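Shown next, in structure tokens, is the structure this report addresses.
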Amino acid sequence: MGQQGRANSVETPEALEKQIHRIHERLERSPQDVTWNDHVPDPDNPEQLRQIDITIRRNGIFTIIECRLSKRAQNVKWIEELIGRRQSLGADTIIAVASAGFTIGAKKKAARYGVLLLDLRDLSDEDWGGQITLMLYYYQYSDVKLAVAFAPHNPDIDPAVLKPELRSHGVLQSLFNAAAEQLDSFQLLPDNDTRTYRVSFIAYPEMVELCGEPVLQIGFEGKGRLVSQPISSPQVFGYGEPTQVAGRREATVERYDLGETSSIMVIGSR
């Protein structure tokens with residue numbers, strides 16, 4: 001994994017915010033109390049909503065979390081902005097999360113005014129004791145055909161219009177869920193069976209319309225097989241205060257090269 005250093009592998013500010021949101025859902029052990037991209041009424045002008053990266057409302061305590069994705073350590077200016085935001089919105093606590101850490105001046109200012117500083121630090125193999133490899137199993141489909149039935153009196157449906165609408169409609173996910181249930185009945189996973197199986201069924205969706213017309217039934221026909229793929233984490237991070245040793249922090253994060261997939265382990269308790 002290389003030498004321990006600042007973690008700047010998150011590609012977008014939104015991805016960083018979502019990662020921190022997921023960590024605090026687990027730290028708080030109460031996901032319903034943690035909100036990403038919250039909008040809080042300004043106490044001095046309730047009609048004006050103020051955007052907050054993450055909020056935590058629990059046991060009458062209102063906490064604000066603001067995140068910064070950058071290549072440089074955050075300085076005193078941002079800390080002063082957060083001090084003002086906490087006072088303006090009447091928050092009990094404010095947390096600053098910076099991907100590249102904080103300057104010495106920022107740390108001193110935060111300590112004086114009670115701003116909690118957190119960051120993500122890269123863990124070495126010595127800190128973590130080796131990576132965890134996940135085995136991902138999923139169904140791969142081929143030769144899929146769908147037959148959509150409308151009421152006999154309905155006008156002709158243009159396939160060129162129907163196809164893109166069906167592709168983006170929620171009923172499509174339901175169809176593949178039903179196909180997966182049929183493949184589950186073959187119990188492929190215990191035997192790691194990768195043979196291809198035929199899948200066929202008729203679904204009768206309720207309250208579904210396509211091209212403005214109610215759908216009576218949808219026929220699904222295709223082939224499916226079990227696919228396995230090992231996934232290793234290229235980096236492991238420790239989440240906590242800048243003064244904490246990365247390997248002893250209360251939460252660790254392993255990210256995988258599969259969208260925004262990650263594994264979060266909470267070590268401490270609250």
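The values are calculated or read from the model by the stated rules, or taken from the named source; none is laboratory data. Just so we're clear, the structure is a prediction, and the values are computed from it rather than from any experiment. Cβ: placed from backbone, ideal geometry, glycine included. Neighbour counts: every protein chain shown.
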Only one of (1) at pLDDT below 95; (2) more than 19 Å from LEU117 (Cβ to Cβ); (3) touching a strand residue (DSSP E or B) at 6+ places or on another chain (Cβ under 9 Å) does not apply to GLU11, and that is (3)
Would you mention how many residues in region 67-106 are more than 29 Å from the chain's Cα centre (by Cα) and buried (at least 19 other Cβ atoms within 10 Å of the Cβ)? 1
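Yes/no per residue for (1) of a type in the set (Val, Ile, Thr); (2) surrounded by fewer than 12 Cβ atoms within 10 Å (Cβ to Cβ); (3) modelled with pLDDT of 90 or more; (4) within 30 Å of PRO46 (Cβ to Cβ):
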| residue | (1), (2), (3), (4) |
| --- | --- |
| ARG112 | no, yes, yes, no |
| LEU120 | no, no, no, no |
| GLN131 | no, no, no, no |
| VAL148 | yes, no, yes, no |
Subset of region 197-244, residues without any contact (Cβ under 8 Å) to a residue 24 or more places away in the chain and either in contact with a Lys or Arg (Cβ under 6 Å, 6 or more places away or on another chain) or of a type in the set (A, V, I, L, M, F, W, C) (or both), comes to PHE201, ILE202, MET207
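Can you pull out the strands (runs of 3 or more DSSP E) entirely within region 199-270 that have at least 3 residues that are aliphatic (A, V, I, L, M) and modelled with pLDDT of 90 or more?
Working: elements: 213-232, 235-240, 251-255, 262-266.
Hits in region 199-270: 213-232.
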Looking at region 15-27, can you tell me whether even one residue there is assigned by TED's automatic domain parsing to the domain that holds ARG255, in contact with a Lys or Arg (Cβ under 7 Å, 6 or more places away or on another chain) and at pLDDT below 95? yes
Give all pairs with beta carbons closer than 6 Å in which a residue from region 39-56 that is assigned by TED's automatic domain parsing to the domain that holds ILE23 meets a residue that is polar (S, T, N, Q) and part of a strand (DSSP E or B); count only pairs at least 6 apart in sequence or on separate chains. HIS39/GLN51; ASP42/GLN48; THR55/THR35; ILE56/THR63
